[in-house]
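First the structure, in the form of structure tokens, and then the observations on it.
The values are calculated or read from the model by the stated rules, or taken from the named source; none is laboratory data. Not measured: the values here are computed from a predicted model. Positions of Cβ are backbone-derived with ideal geometry, glycine not excepted, and every protein chain shown enters the neighbour counts. Protein only, heavy atoms only, side chains kept; ligands, DNA and RNA dropped before computing areas. Shrake-Rupley method; radii C 1.70, N 1.55, O 1.52, S 1.80 Å.
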Amino acid sequence: MNLPRFPRALGLYLATLALTVFASAAEPAVAPAQMLANPGFEQEFAGWIVAENNSAMSTVLPAAAHQGNFGLRILDTDTVNGSSVESVSLPAVPGHHYRVTFQVRSLEKSNACGVYVRLRNASGKFLPNAPTISVPSQAVSAWEQVTLDALAPSDAVAVSLWIHSYGKTTGSWDLDDFTLVDLDATSAGTTTPAAPTTVAASPSVSTPPALPSPLVPVVLKLDDLISTPTGGIPERWKRIADLAVERKIKLSIGIIANSLEGEKPAYFAWIKQLQATGLFEFWFHGYDHKAWKEGDRNVSEFQGPPYEQQKDHFVRSQALAREKLGFAFKTFGSPFNVSDANTARVLAEDNDIKVWLYGERANPAGKTLLDRVGAVSIEQPLFVPNSAKFIEGYTKYAAGRTAYTIQGHPAQWDDARWAEFVRIIDFLVQNHIPIVTPVEAASAQQH
């Protein structure tokens, strides 16, 4: 296959994710419509998602404009992290050819930036990578137009553009005047995109509500992490961790501590690797997460058992975390969100635990409590993510809140449920709603 040749002075890697790059595509008789709502950043980042939590590298500036009033400037001086600006996902048609064009200039010698065309399938998962095109780089003052053609695979349902400078290298670029068109769309099947709003509505949300001011941070409380029976990483947990790393969002994952027993090098290494990114907080979600009957009485790990038993579960779990993961848990969330006076007594004696998720207001055990709002959660009902209900509740109950702690169980999410969870993430990220860990939320609550 002959790949298209691009100007050598651009200083960019042009990459396609989940697409087959092809040399040319037949032009339709009628020019296809622009798919991007804010292609030249004239409305700043409306219609784009910026995921640069560690250091801001992408800004909209008049000095970066090719035409119009504004353009995108990337200034990456970080040798660890890279920039990330992605367009809101748009519908894609399997088998259709997509063409991307944009204007770019490189402000210094560097080949550390890429423009990607990305597709997701119906479950929200990025499709496999296609070959990467790269060109040498040098500083240029003149703008150059770049064109990239690509073919959507059979399981693609959504397409987006991603502008990304690479993590270990640095550089600076101006980019402007993006177009994304479907070359196979008929004139009757194309429409001019509506101006972007401040809220990304999922298909089940007819009119997105106005966002509260100030925005209320969100803790993504994800329960019940365990290893596979062979000591590996469950696929559904790997999927959500990969999404967090990809989008640079923070997850709070509750470990059932007996999964730390035995020799499970891959499982332990995976947790430690995620912890080291700064995007994850792993918290204590019980030693065995058990519930049982004693006569007519419902009993669970932290509601009903004597103090000595509950204490043993805390001590044993903290010891496993230190031995296998290299840190002690700082946050506790009880299995089934229930507890008793013995739990509070044990918590008061654990100096490592600082935060109690859904804890007892009447007896907080000296911990910072993060409460729950029943109508604002990932899953409504249990195990079923629901973006429409979450978006509605987020605004409705925002008055006076310092954070929402919303609960989910990723191991229970099939592809359809996963896609609905991704819609919640899209809403949070596009609207720049802070996603924080329990310890971060507790610290803000104290100030």
TODO: Being touching a Pro at 6+ places or on another chain (Cβ under 8 Å) and open to solvent by 20 Å² or more (accessible area, probe 1.4 Å) is the filter here, so list the residues in the range 43-73 that pass it.
DONE: 43, 46, 69, 70
TODO: Kindly check whether there is at least one residue in the range 366-375 that is open to solvent by 20 Å² or more (accessible area, probe 1.4 Å), among the basic types (Lys, Arg) and in a helix (DSSP H, G or I).
DONE: no
TODO: Tell me, yes or no, whether the range 96-107 has at least one residue that is modelled with pLDDT of 80 or more and under 25 Å from residue 250 (Cα atoms).
DONE: no
Task: Subset of the range 290-302 [part of a strand (DSSP E or B), open to solvent by 70 Å² or more (accessible area, probe 1.4 Å) and in contact with a strand residue (DSSP E or B) (Cβ under 9 Å, 6 or more places away or on another chain)] - done: 292, 293, 298
Task: Matching residues in the range 410-421 - criterion: being open to solvent by 10 Å² or more (accessible area, probe 1.4 Å) and within 16 Å of the chain's Cα centre (by Cα) - done: 417, 419, 420
Open item on the list: If residue 319 satisfies all but one of (1) part of a loop (DSSP other than H, G, I, E, B); (2) of a type outside the set (Ser, Thr, Tyr); (3) within 29 Å of residue 263 (Cβ to Cβ), what's the number of the condition it fails?
Closed with: (1)
TODO: Report yes if some residue within the range 224-231 is under 29 Å from residue 280 (Cβ atoms), open to solvent by less than 70 Å² (accessible area, probe 1.4 Å) and at pLDDT below 90; otherwise report no.
DONE: no
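Conditions tested, residue by residue: (1) of a type in the set (A, V, I, L, M, F, W, C); (2) modelled with pLDDT of 95 or more; (3) exposed (fewer than 15 other Cβ atoms within 10 Å of the Cβ).
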residue	(1), (2), (3)
307	no, yes, yes
314	yes, yes, no
318	no, yes, no
334	no, yes, no
343	no, yes, no
359	no, yes, no
- [ ] Working only within the range 111-155, note down all residues that are in a strand (DSSP E or B), at pLDDT 80 or above and of a type in the set (Phe, Trp, Tyr).
- [x] 116
